[in-house]
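The values are calculated or read from the model by the stated rules, or taken from the named source; none is laboratory data. Everything quoted here is computed from the prediction, not taken from an experiment. So basically every Cβ, Gly included, is an ideal-geometry build from the backbone, and we count neighbours across all protein chains shown.
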Amino acid sequence: MSDYCIRATAAEGKVRCWVASTTDLCEEARRRHDTYPTATAALGRLLTAGVMMGLNLKGEDTLTLRVMGEGPLGAVVVVGNARGEVRGYVQNPHTHLPSQRPGKLDVGGAVGKNGFLYVIKDLGLKEPYSGSVPLVSGEIGEDLTRYFAESEQTPSAVALGVLVETDHSVKAAGGYIVQIMPGATEEEICQLEKNIGQVPPVSQMIDEGMIPEQIAERVLQGMGVQVLEKHPVAFKCRCSRERLAHILKGIGKEELKTILAEQGQAELLCHFCGERYRFGADDLKMMIAEIDREKTESAP
């Protein structure tokens, strides 16, 4: 089953929900960054959140999620957009901690409980929107729940999960965000809380073969679910050889000449996707020539 995300409502629009299946995109991130299991789970959870939150955007708007705790994992960074595309990385991908409970990776210990979750939305305005909250547990789902409550004043439940195989590959991944809108009755809120308290972990549901629509029905049971949208999602980076060449050229003629003389080539790494771009001696000479030509053309 290909990854996708649905947007749904319940209780006549007084509850809204996003559910995503992200197994393939989390495995793509693991493969690209060679993450160890705990790092895979942390990055996969944030990528899943980025997919669901990104689909709230419009046009070319972007969303950046950054989790920075004092744990050994370092920073976890994800960027999402309105097309269901996400990219991201973890600062220390070879982080893995012993499980505190059977079958549960210690993401909170790897992230650390002291730190912040940052959310930046670039909506094409003069200044991007930026919000941050102290970490609750470092488990990411609970931290995002706090962010929605404190920064967006929206009561929410966020569940994120990544199930990792013994060979370190991603077996199942996904998540959901449920939000209570103004006008919801006490009875509807109690029903929702009861449902969420009874559902299994989201990664378990996906591993058992449940699709996002079925998970939404389970989480919003008895509340009249309406699926409004279904959107494919994927790990996709914006980097390209042309983009990296432009960055390399930007360091200037003298620096390029030094690299050419001392190393004979240059290699650039995209942090977001792990792709490496090599530029040989001929490439560097061409960049130097282009800088000279542009300087001549711009001279009075």
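For the reader, a short list of remarks on this structure follows.
- Qualifying residue in the stretch 254-269 (condition: buried (at least 18 other Cβ atoms within 10 Å of the Cβ), touching a residue at least 40 places away in the same chain (Cβ under 8 Å) and either among the small types (G, A, S) or over 22 Å from D24 (Cβ atoms) (or both)): no
- Restricting V107, V119 to those that are of a type in the set (V, I, T), closer than 20 Å to A159 by Cα and in contact with an Asp or Glu (Cβ under 6 Å, 6 or more places away or on another chain) reduces the list to V107.
- L57, sole failed condition from (1) over 15 Å from the mean Cα position of the chain (by Cα); (2) part of a loop (DSSP other than H, G, I, E, B): (1)
- Within the stretch 160-170, the set of residues being touching a residue at least 60 places away in the same chain (Cβ under 8 Å) and buried (at least 18 other Cβ atoms within 10 Å of the Cβ) comprises L160, G161, V162, V164, V170.
- Qualifying position, being at pLDDT 95 or above and closer than 25 Å to A216 by Cβ, among A49, A75: A49
- Any hit, the stretch 65-82, residues being of a type in the set (S, T, N, Q), assigned by TED's automatic domain parsing to the domain that holds D167 and without any contact (Cβ under 8 Å) to a residue 60 or more places away in the chain: yes
- Restricting the stretch 83-94 to residues that are of a type outside the set (D, E, K, R) and touching a residue at least 60 places away in the same chain (Cβ under 8 Å), the residue that is surrounded by the most Cβ atoms within 10 Å (Cβ to Cβ): V86
- Unique residue being touching a Ser or Thr at 6+ places or on another chain (Cβ under 9 Å) and charged (D, E, K, R) when the list is K58, K104, K121: K121
- Residue among G131, G124, G115, G103 that is surrounded by fewer than 20 Cβ atoms within 10 Å (Cβ to Cβ), modelled with pLDDT of 95 or more and more than 24 Å from C5 (Cα to Cα): G115
- Candidate set: the stretch 256-297, residues that are at pLDDT 90 or above and hydroxyl-bearing (S, T, Y); chosen: the one farthest from L244 (Cα to Cα): T258
- The stretch 10-61 - residue that is over 15 Å from A173 (Cα atoms) and among the aliphatic types (A, V, I, L, M) and, of those, surrounded by the fewest Cβ atoms within 10 Å (Cβ to Cβ): L57
- Verdict on G71 being surrounded by fewer than 24 Cβ atoms within 10 Å (Cβ to Cβ), assigned to a loop (DSSP other than H, G, I, E, B) and small (G, A, S): no
- Candidates A216, A173, filtered to the one that is of a type in the set (G, A, S), over 19 Å from A42 (Cα atoms) and crowded, with 24+ Cβ neighbours inside 10 Å: A216
- Put simply, of G175, G222 the only residue that is farther than 19 Å from V51 by Cα and among the small types (G, A, S) is G222.
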